[in-house]
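Some notes on the structure that comes next.
The values are calculated or read from the model by the stated rules, or taken from the named source; none is laboratory data. Note that this is a predicted model, so its numbers are computed, not measured. Because the Cβ atoms are built from the backbone with ideal geometry, glycine has one as well, and the counts that use them run over all protein chains shown. Please note that ligands, DNA and RNA were not included when accessible areas were found on the heavy atoms of the full protein model with its side chains. Shrake-Rupley method; radii C 1.70, N 1.55, O 1.52, S 1.80 Å.
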Amino acid sequence: MEFLKKSIHMDQIGCEEQTQITLEDDVNIADAKPDVYQVVTQQGHVELEEVRASDGHVHVKGVLHFKVLYLADEETHHPACMEGELALEEQILMGSVSGTDQVQAQAILEDLSVGMINSRKLSVQALLQIRLFTERMKQLDVAVGLDGTEQIEVKKKDLQALDLIVAKKDILRVKKDLLLPGGMPNIFALLWKSCQIREMTFRVLDGKLQATGELSLFFFYEEESETKKAVWYETTVPVSVAIECQGVREGMLEQIGCSIGHLEIEAKADEDGEERVILLDLVLDLDIRIYEETNLSMIEDLYGVTKQADVVRGKGQYRRLLVKNTAKTRVSDQFSISPGMPQIQQICGGFGEVFVQEIKKQSDGVLVKGTVNVQILYESAEEEVPCGCLKGELVFEELLETAEPVKNTCSCRIEASLEQLSVQAQNEQEAEVRAVVCVKGLICADCEEEIVTDALLRAPDPEKQANQPGIVVYLAGEGETLWDICKKYDVPMDGMREMNNLTQDEIHPGDQLLIVKGYAVDKGTQIV
């Protein structure tokens, strides 16, 4: 006798560690760049190059790339830009990790500040949050049937589980040449460039994923003229790409993290030799999880009619989907310039980044709280300080509702992204910021079930057989089921139903049942 089994898969965090790292250094202005009069704003991102585990700690190596927009210390304080990088190399304690573990790492730039030391030197300080974790895949083999000639009675029950079909990392590359509109001046030098993901969605199809969305691009550059005036240009790039993904089919559930891994934006000449083309080379890092809801009819219990069956049981862990939900929340606020900042004449562009601060499990769902860190680049009317940057944050919270309470043992995969951002000047002192934050959640109950793992067949117990009468009129007791009675006397379920003219398995306390030892329905004779 062999079990027919169905496998259910799930991912599980093994060990986890979070820490904060401070990077700081003094950076010299390159000789080709003008002196610094005033820092306007700065941006950065972390690129991890190596994550290596050994017993008790993890070696993390990477680079913080940063760029600084500043005003030149010249006769006209025109905008200028410099880029640089700080090396990151840390040994992080992680007590339960070993040298054979595959450790994954996530790095978030929580804060970046750049200050002037003098006109040729800047002080760069950054606060990073590093999350390290190991992830292992678990497989639960569930018995759903039997293969054999022995007469075995089987009791089944339904099991609803979420099966992890695909768990992998992938990339999505976007490479495109963008031509400036006819009314825009030629590019002399790119000063500031930004690329942000907007409204990216994924759909599971047969054997592939369809990615659809758009990229929001912003360019702040010096025009090719005697005045070298700073101008800006905004545009969007649609994204529609099919990604090969074996083993998936339409109707499966996806939860995909998407972030910018590598970005290059450069100006180049068009066919006429004029600097009017912007080359975009972008790599999006994808963390892909594809799931399928499955309903299994699993073996809950069994017994032998002609042989004794000793059932072996074990504990099995699996996940059950509570909800997969996408919610959008709108937030807005007024940002005011600080004392000493130049007044607002015109908004150039707004940029935002979403940070999830808290994920709270509660009786009615999962509450997601976070912030949108916003930078607003604007043009001022002051010759001394021709542009400025207004910074602030929007606070958001969104409840992903569930039909049942979310316990601490439940698992949540939450992705939050900025879908829309608009900035409008209210007056010379204030700007209104409006944003739409998209929160995607896959919320599951972590379940444990006693499952049948094996059954050992052996000859019937002679003493038990000798003590059982050939014919019994049995009076059903409180809480007893037809299965309980048949198992107690080792008689087949079909024979019991036929003998007692039962059309269903439901019985009630006080029902009288005739039990004939060895009665077999398939032959209409006794089993010898």
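Rolling a 1.4 Å sphere over the protein heavy atoms, what is the accessible area per residue of segment 309-421, to the nearest Å²? Present the calculation step by step, with values, prior to reporting the outcome.
On the way: 5680 Å² over 113 residues.
Result: 50 Å² of accessible area for each residue.
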Exercise. Note down the relative contact order for segment 12-158 as a percent, whole number, built from C-alpha pairs under 8 angstrom at least six residues apart.
Key: 32 percent
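Dipole magnitude of the chain about its Cα centre, charges +1 at Lys/Arg Cβ and -1 at Asp/Glu Cβ only, in debye to the nearest 20?
Values: 52 positive and 93 negative charges, 411 e Å.
I would put it at about 1980 debye.
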Quiz prompt | Which labelled figure in (1) 1.02; (2) 0.96; (3) 1.40 is Cα Rg over 2.2 N^0.38 Å, once derived from the coordinates | solution = (3)
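Could you rank the peptides 488-495, 144-151, 182-189 by their average count of other C-beta atoms within 10 Å per residue, with the highest value first? Can you show the working numbers first?
On the way: 488-495: 18.9, 144-151: 12.0, 182-189: 14.1.
Most protected by this proxy first, the peptides run 488-495, 182-189, 144-151.
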Quiz item: Using a cut-off of 14 Å between alpha-carbon atoms, which aspartates and glutamates can reach K328, once sequence neighbours fewer than 8 places away in the same chain are excluded?
Solution: E199, E397, E398, E401, E415, E419
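Report the charge-dipole magnitude of segment 429-512 in Debye, nearest 20, computed about the Cα centre from +1 at each Lys and Arg Cβ and -1 at each Asp and Glu Cβ.
Numbers: 7 positive and 18 negative charges, 40 e Å.
It comes to approximately 200 debye.
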Practice problem: Tabulate in residue order the Karplus-calculated ³J(HN,Hα) for segment 18-26, using 6.51 cos²θ - 1.76 cosθ + 1.60 with θ = phi - 60°, rounded to whole Hz; enter x for Gly and Pro. | Solution: 10, 8, 10, 10, 9, 10, 8, 6, 9
Self-check item: Dipole axis of segment 373-437 (+1 Lys, Arg; -1 Asp, Glu on Cβ), positive-most option in P386, A425, F396
Solution: F396
Exercise. Positive end of the charge dipole of the chain (Lys, Arg +1 and Asp, Glu -1 on Cβ, about the Cα centre): tell me which of I117, W232, L367 has its Cα farthest that way.
Key: L367
Quiz item: Want the number for E50 to E224: 0.36 nm per residue separation, take away the alpha-carbon distance, what's left?
Solution: 58.5 nm
Quiz item: Of M298, V331, P181, whose Cα points farthest to the positive end of the dipole of the chain (charges on the beta-carbon: +1 Lys, Arg; -1 Asp, Glu; origin at the Cα centre)?
Solution: M298
Quiz item: So what J values fall out for segment 287-301 if you push phi through Karplus, 6.51 cos²θ - 1.76 cosθ + 1.60 with θ = phi - 60°, rounded to Hz, Gly and Pro as x?
Solution: 10, 9, 10, 10, 10, 9, 6, 10, 10, 10, 9, 8, 6, 8, 7
Exercise. Given the peptides 345-351, 99-105, arrange them by the average over their residues of other C-beta atoms within 10 Å, most packed first.
Key: 345-351, 99-105
Practice problem: Rounding to the nearest 20 debye, state how big the charge dipole of segment 144-284 is about its Cα centre with +1 on each Lys and Arg Cβ and -1 on each Asp and Glu Cβ. | Solution: 560 debye
Quiz item: Of the listed peptides 261-273, 379-391, what is their order by residue-averaged count of other C-beta atoms within 10 Å, with the highest listed first?
Solution: 379-391, 261-273
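Counting only protein heavy atoms and using a 1.4 Å probe, what share of the accessible area of the chain belongs to carbon plus sulfur, as a whole percent? The partial results should precede the final answer.
Numbers: 11540 of 26950 Å².
Answer for the chain is 43 percent, counting heavy atoms of protein chains only.
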Quiz item: So who's got an amide H within less than 5 Å of the one on T306, skipping anything under 5 residues away but keeping other chains? H placed 1.01 Å off N, in plane.
Solution: Q151
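Sequence gap at least 6, Cα distance under 8 Å: using those rules, report the relative contact order of the chain to the nearest whole percent. Display every interim value, and only then the final one.
Working: 1334 pairs, mean separation 69.4, N = 528.
In percent, rounded to a whole number, it is 13.
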Practice problem: Using Cα centres only, tell me the gap between segment 42-59 and segment 206-227 in whole Å. | Solution: 28 Å
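Over segment 408-528, what is the mean sequence separation of C-alpha contacts under 8 Å (at least six apart), divided by residue count, expressed as relative contact order in percent?
Values: 143 pairs, mean separation 24.5, N = 121.
For segment 408-528, the relative contact order is 20 percent.
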